[in-house]
Amino acid sequence: MSLHFHWFLPTNGDGRDIVGGGHGVATGSAGAIRPATLGYLGQIARSAEQLGFEAALTPTGMWCEDAWLATGMLTEVTRRLKFLVAFRPGLISPTLAAQMAATFQRYSAGRLLLNVVTGGESAEQRAYGDFLPKAERYGRCAAGRRGRERRPDAVRVHARPGPAGRRIVKSFGRTGRGSSPEPAHPDPRRTSCG
């Protein structure tokens, strides 16, 4: 077994303190914040690549920039670094997620990893239009992985992405009762996780 190391892209801004905003902490409450400009994020991504990191985790939430758009732009300033893009299955249709992942894979030469986030804080989920309680969000994602939810008729993507990479099951993101680990990046060809 080999170890794979990932860095973090602070798409909500950066600072010297560990907590700089997000997940219930007001932005700027933990110290001075450096804005998350594309130039600064590019500098971080290139540095992570030069130091040998495999990928960079990109967060999702109201408190940061959009993970898909930010990392898509950063593929132009890196050559090997992969991007672990966080997304929430309940907020996007499986077909659209598959299309986005397939496009990203083609245009980045296979540098997309997916971090399936079943949901953050309930208030933030409601702001995105997802009113399910946390336990039901985990159930929705697990059912989607098993192909029992949201089975769109005639799901098609322009072209399938290349072969799926290794599957990572994260256990560090579990919170609360009834939580279960979710795959960090499922097979990008599947469109049933929803």
Revision key, fill the gap. Of the candidates 51, 63, 108, the farthest towards the positive dipole end of the range 48-115 (Lys/Arg Cβ +1, Asp/Glu Cβ -1, centred on the Cα centre) is 108
Revision key, fill the gap. Among trypsin sites (Lys or Arg not before Pro) in the range 72-149, those in a DSSP loop whose Cβ has at most 13 other Cβ atoms within 10 Å are 79, 80, 146, 148
Revision key, fill the gap. Going residue by residue through the range 75-92, the Karplus relation 6.51 cos²θ - 1.76 cosθ + 1.60 with θ = phi - 60° gives ³J(HN,Hα) values, rounded to whole Hz and with x marking Gly or Pro, of 5, 6, 10, 10, 10, 10, 4, 8, 10, 8, 8, 7, 9, 10, x, x, 9, 9
Review point. Along the range 49-63, what does the Karplus equation 6.51 cos²θ - 1.76 cosθ + 1.60 (θ = phi - 60°) give for ³J(HN,Hα), rounded to whole Hz, x for Gly and Pro?
Key: 5, 5, 7, x, 5, 6, 8, 10, 6, 10, x, 10, x, 5, 8
Study note, to complete from the structure: Spelling it out for residue 82: with amide H atoms placed in the peptide plane at 1.01 Å from N, the residues 5 or more places away or on another chain with amide H under 5 Å from its amide H are 55, 56
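Computed from the coordinates by the stated procedures, all read-outs in this text should not be read as laboratory data. Worth saying up front: this structure is predicted, and the values here are computed from it rather than measured. Note that we place each Cβ from the backbone using ideal geometry, even for glycine, and neighbour counts take in every protein chain shown.
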